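Please read the structure below before turning to the comments.
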Amino acid sequence: MDRSKWFILATGLIIGAIAAVLVKLGNPPNMGFCIACFERDIAGAIGLHRAAVVQYMRPEIIGIVLGALLTSIFAGEFKARGGSATFVRFIMGIFMMIGALVFLGCPLRDVLRMAGGDYNAVVGFIGFVCGVATGVFFLKRGFNLGRAEYSHSNAGGLVLPLILLLFLFLLIKGTVFSPDAGGPLFFSTEGPGSKFAPLGISLLAGIVVGFLAQRTRLCMSGGIRDFILIRDSYLLLGFIGIFIGALILNIAFGFFKPGFADQPIAHTMSVWNFLGLYLVGLTATLLGGCPLRQLILSGEGDMDAAAVVIGMIVGAGIAHNFMFAASPQGVGIYGQIACVVGILVMFWLGFSFREE
């Protein structure tokens with residue numbers, strides 16, 4: 001195995017270990033990192049939804065983008081670019097979040113849930129693989145959202161990182177514009193949103209993950225896509241490493257509890273665990289990257305990826321306001337309908353955006 005493969009495997013081991021440590025320090029169980037869940041918490045923190053148990057300005061998300069930004073600048077890889085069906089990508093980001101909240105986690109959390117013994121996550125993983133395979137079907141038939149154009153100025157690529165820096169400032173300073181409303185940020189007093197590791201450690205963990213993921217191009221949907229298309233296992237090694245790193249520390253910390261029932265922040269409706277991550281896998285493949293990869297690309301100046309990130313945050317607000325999001329009790333009828341509609345929309349886009 002060459003040096004690059006050892007590096008991405010080591011990257012996965014480090015990220016998996018960091019995730020388990022963050023849980024030990026206060027993050028929700030089996031949720032040391034979850035891009036979708038943490039973006040949902042950010043949506044709640046800025047008032048896009050009022051689900052009181054999932055509101056917190058997660059420093060890990062801010063750190064990931066800032067880590068990717070700094071790394072890409074020093075590596076000479078930061079380039080502002082965009083214009084590749086940007087609004088369509090925003091809508092796809094909304095549906096990717098809906099799929100993730102039907103499952104209750106992104107692909108990264110799926111791996112962490114499996115490393116915690118959650119068999120429901122295995123069902124979700126199978127759905128994710130099938131979703132990526134469906135996306136590959138469309139790619140082979142010419143699916144293409146268009147080519148991103150490079151900007152004459154890098155300012156556009158800095159917009160999302162600057163917004164997140166503002167959020168970080170508000171989080172650290174604790175500014176309150178309206179004491180009666182409790183704003184500008186909302187914080188859970190119970191539930192997953194009330195569980196978090198110390199701010200400085202969470203931010204540093206995000207920066208480290210942003211650095212490592214930027215250098216290795218870590219992407220779960222990309223790993224499965226590459227393996228299906230060209231039998232390349234490079235990116236998959238990163239997620240194997242995440243599983244192993246989290247598994248070892250979960251066992252050491254006493255977090256490993258195998259089974260379907262009584263798993264933390266999870267439900268046992270297998271069909272919707274499968275279809276939720278099926279939608280995420282299909283959407284991520286058409287977008288060119290999983291939720292983690294979209295954050296990294298945003299840090300590198302990709303404004304189309306930033307549109308996906310904002311779409312996911314808006315999607316979290318929509319999912320909770322319209323009762324699409326699942327809970328540990330299961331997926332409601334509105335969430336089931338939204339998930340199926342999302343899959344149908346992705347099929348429509350897959351057949352529509354084809355190179356002639």
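Consider segment 325-341 and keep the residues that are assigned to a loop (DSSP other than H, G, I, E, B) and touching a His at 6+ places or on another chain (Cβ under 8 Å). The one that is surrounded by the fewest Cβ atoms within 10 Å (Cβ to Cβ) is Gln329. Residue count for segment 298-333 under the criterion of being farther than 15 Å from Ile94 by Cα and in contact (Cβ under 8 Å) with a residue 12 or more places away in the chain: the result is 12.
Among residues of segment 236-254 that are farther than 14 Å from Phe33 by Cα and among the aromatic types (Phe, Trp, Tyr), those with a beta-carbon under 9 Å from a residue that is in a helix (DSSP H, G or I) and open to solvent by 10 Å² or more (accessible area, probe 1.4 Å) at least six positions away or on a different chain give the pairs Phe253/Val21; Phe253/Val23; Phe253/Lys24. Of all residues in segment 258-275, those that are under 14 Å from Gly335 (Cα atoms) have Cβ atoms under 6 Å from Cβ atoms of residues that are in a loop (DSSP other than H, G, I, E, B) and open to solvent by less than 30 Å² (accessible area, probe 1.4 Å), 6 or more apart or on another chain, in His267/Ala326; Met269/Val331; Trp272/Val331. Residue under question is Phe125, and the condition is that it be open to solvent by 30 Å² or more (accessible area, probe 1.4 Å) and at pLDDT 95 or above; does it hold? The answer is yes for Phe125. Output the number of residues of segment 202-234 satisfying the condition of being without any contact (Cβ under 8 Å) to a residue 60 or more places away in the chain and assigned to a helix (DSSP H, G or I). Selection size over segment 202-234: 4. Taking the residues in segment 275-324 that are in a loop (DSSP other than H, G, I, E, B) and within 12 Å of the chain's Cα centre (by Cα) as candidates, determine which candidate is surrounded by the fewest Cβ atoms within 10 Å (Cβ to Cβ). Within segment 275-324, the match that is surrounded by the fewest Cβ atoms within 10 Å (Cβ to Cβ) is Gly289.
Candidates are the residues of segment 131-168 that are closer than 21 Å to Ile313 by Cβ and without any contact (Cβ under 8 Å) to a residue 40 or more places away in the chain; the one that is surrounded by the most Cβ atoms within 10 Å (Cβ to Cβ) is Ile163. Every listed requirement among (1) over 30 Å from Gly146 (Cα atoms); (2) at pLDDT 95 or above is met by Cys34 save one, (1). The number of residues in segment 229-242 being of a type in the set (Phe, Trp, Tyr) and either more than 28 Å from Leu25 (Cα to Cα) or surrounded by fewer than 19 Cβ atoms within 10 Å (Cβ to Cβ) (or both) comes to 1. Taken together, Leu145, Leu139, Leu160 contain a single residue that is outside any helix (DSSP H, G or I), of a type in the set (A, V, I, L, M) and under 27 Å from Leu277 (Cα atoms), which is Leu145.
The values are calculated or read from the model by the stated rules, or taken from the named source; none is laboratory data. Everything numeric in this text was worked out from a predicted model, so none of it was measured. Using ideal geometry, Cβ is built from the backbone for each residue, glycine included, and neighbour counts are taken over all protein chains shown. The accessibility values were calculated without ligands, DNA or RNA, using every heavy atom of the protein model including side chains. Shrake-Rupley method; radii C 1.70, N 1.55, O 1.52, S 1.80 Å.
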